[in-house]
């Protein structure tokens, strides 16, 4: 009772500051949830500060490839501000951040980071002419397929798509497959806010995610960002990464995407080695899976995931929430709008709990599986406020992204 009362008091204090910045009254404007935990039982014990009050560098776009400049700024400064007043930041390949510590990256003036490579209408038409969607998109078990560049591919559809693009682009190295924005490996205490990340469009080539958190990265808060048209996924988390909160973020795919609009994966396989049985603990709060999102919202293996007050407006999706091998998922106070019919499927989860969700379509909510608890304190948004608040304030909407409680 004391923890709940304290959470409500904190929420009242934060609400006043949030309204002054044009944010939702339910926006905590501070890291919370799994990102502040240090174990499965010790919640609210870690202060995620990012770059704090450290050195700062502000970049504006030159109109050319900015990958090296952004990488250098992140290595040499505690805080990197991307100013979108001169247009999109274009990058030729994903920015690989290994062993990054204590950093804040924010966008102002509508900052967008966009991949140089795009799945344009000519490529989409070419793939349609090859009828690539008729091919199997899972491993066929026949030993795989060999591309003209000597690479072996397990999935039939992927092999056809990749060979088509090798021939079309005249690129045996398949450099386009690195068309993501960020990957964070072995990184810790990171804050990213108010940025829009734009990928090439989804396509089944086993390419880069728009963003990946991997290799035991932890204590990361991603807030008020837009993730659009990731090649393989919009935002994946895997391989022993832990203690991550994603709040007020929007995920979507546009007409640039061709296939494989599988937006958020947590845990890359059913193998404990390579993922971690007690890792991959993630909070999603006030996020929006919007138009074009087809599957993985999220798909979860191993982790304990809290889906709190999110909006699902992904009409016609194939599968939304998908707890899988050894996962624990609390689905609480979420809204599923008209047209979202395939809401849930679980495979070998340890526990799945439903609490106070809203469904516009007829949905037979499964009985709860097992039990679970969270180590951190929080105050849920009233479910009848979720759709309006998330639609209005989700994504890169902040006026002052460096002002954090």
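The values are calculated or read from the model by the stated rules, or taken from the named source; none is laboratory data. Treat the numbers as computed from the prediction; the structure is a model and nothing was measured. Neighbour counts are summed over all protein chains in view; Cβ atoms, including those assigned to glycine, are modelled from backbone coordinates with ideal geometry.
Structural remarks
- Options 74, 82; residue that is farther than 21 Å from residue 395 by Cα and touching a residue at least 24 places away in the same chain (Cβ under 8 Å): 74
- When 214, 208 are screened for being in contact with a helix residue (DSSP H, G or I) (Cβ under 6 Å, 6 or more places away or on another chain), more than 20 Å from residue 30 (Cα to Cα) and assigned by TED's automatic domain parsing to the domain that holds residue 257, only 208 passes.
- Whichever residue in region 392-405 is in contact with a strand residue (DSSP E or B) (Cβ under 7 Å, 6 or more places away or on another chain) and on the phi < 0 side of the Ramachandran plot and, among such residues, is surrounded by the fewest Cβ atoms within 10 Å (Cβ to Cβ): 402
- Criterion applied to 170, 130 was being farther than 16 Å from residue 232 by Cβ and either touching a strand residue (DSSP E or B) at 6+ places or on another chain (Cβ under 8 Å) or free of Cβ contacts under 8 Å to residues at least 24 places away in the same chain (or both), and the one residue passing it is 170.
- Candidate set: region 268-282, residues that are in contact with a strand residue (DSSP E or B) (Cβ under 9 Å, 6 or more places away or on another chain) and within 16 Å of residue 351 (Cα to Cα); chosen: the one modelled with the lowest pLDDT: 278
- The residues of region 165-196 that are surrounded by fewer than 21 Cβ atoms within 10 Å (Cβ to Cβ) and in a loop (DSSP other than H, G, I, E, B), listed by number, are 170, 171, 172, 173, 174, 186.
- Here is the figure for region 133-148: residues that are over 27 Å from the mean Cα position of the chain (by Cα) and outside any loop (DSSP other than H, G, I, E, B) total 3.
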